[in-house]
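Written below as structure tokens is the structure these notes are about.
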Amino acid sequence: MPRELERAVTELVVRILGAQIIPTPSWLIRPGREECGQQWPLIQAIYRDLTGLELPDVMRSVERREVDAVLEIDGQPARILEVDERQHFNEFRVTTLRHYAGNVPLAFDAAVWIERSEKKSRLEGGGFAKPKPPLFAGENGRHRQRAFRDALADILPPEHGLGPTLRIGDFEVKDWIFGGDSEERMRELLEAKPWL
């Protein structure tokens, strides 16, 4: 179901915005000191708060990721689109967002993301929580890794000329995304987002 929801959201957003999907930029696949530029101290602080460790200057090849979509829209800078399912909302996401909410331009309401994350009382287990060595080797490693990667996808785009990251939470769309009025409802949701 999560991948189906992600696909449905992405298809609607692409159609409504008249966007094209382009590949994840190389600077976001394995960002280290060079790719983070002036945001490196912030990225280091976030990693330290999540793990208690120091972030290496260069990411190892096993630490690579791609985002849900990068949208190219005529007359606008490209922007990242991420569809956040329930596992994206937790105490680790609160930790990351508190470092930059209000200081980094975002096309979603960080206060809502923080509130939903603070309300979560139980983390998903199994593969959602397993250790992800070498950078996130401890307990809840995958949760910490996900929160860190979400932060990178929020913080780095403006440093590289992209527009603010657009996040759509499953809680915003799950009740209607597969219904007959989904396009109209998605238009309303996009109009309500803080497009900076």
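Values in this text are rule-based calculations from the coordinates and carry no lab data. These numbers were taken from a predicted model, which means no experiment stands behind them. Every residue, glycine among them, receives a Cβ derived from its backbone with ideal geometry; neighbour counts consider all protein chains shown.
Some notes on this structure:
- Dipole of the chain, positive direction: furthest Cα of 155, 128, 26, with charges on the beta-carbon: 128
- Tensor-based shape of the stretch 109-183 (alpha-carbon gyration tensor, a/c under 1.5 rounded, otherwise prolate or oblate): oblate
- Electrostatic bookkeeping for residue 90 treats Lys and Arg as +1 and Asp and Glu as -1; over the other residues with beta carbon under 12 Å from its beta carbon, the sum is +3.
- In the stretch 94-135, the C-alpha radius of gyration followed by the widest Cα-Cα span (Dmax) gives 13.2, 34 angstrom.
- Zone residues, the stretch 101-132, relative to residue 16, backbone N less than 16 Å from point 7 Å out along Cα-to-Cβ: 107-109
- GluC sites (Glu not before Pro) within the stretch 89-196, DSSP loop, no more than 11 other Cβ atoms inside 10 Å: 139
- Counting DSSP beta bridges with both ends in the stretch 2-192, the antiparallel % (nearest 5): 60
- Here the mean projected area of the convex hull built on the C-alpha positions of the stretch 2-192 is 10.6 nm².
- Relative to the longest principal axis of the Cα atoms of the chain, the long axis of helix 40-51 makes an angle of roughly 80 degrees.
- With 0.36 nm allotted per residue and the present C-alpha distance subtracted, the residue 118-residue 65 stretch has 16.5 nm of extension available.
- Simple spin-label estimate for residue 29 and residue 184 in nanometres, 7 Å along Cα-Cβ: 4.3
- Rounded tilt (10° steps) of 110-119 against the dominant C-alpha axis of the chain: 70
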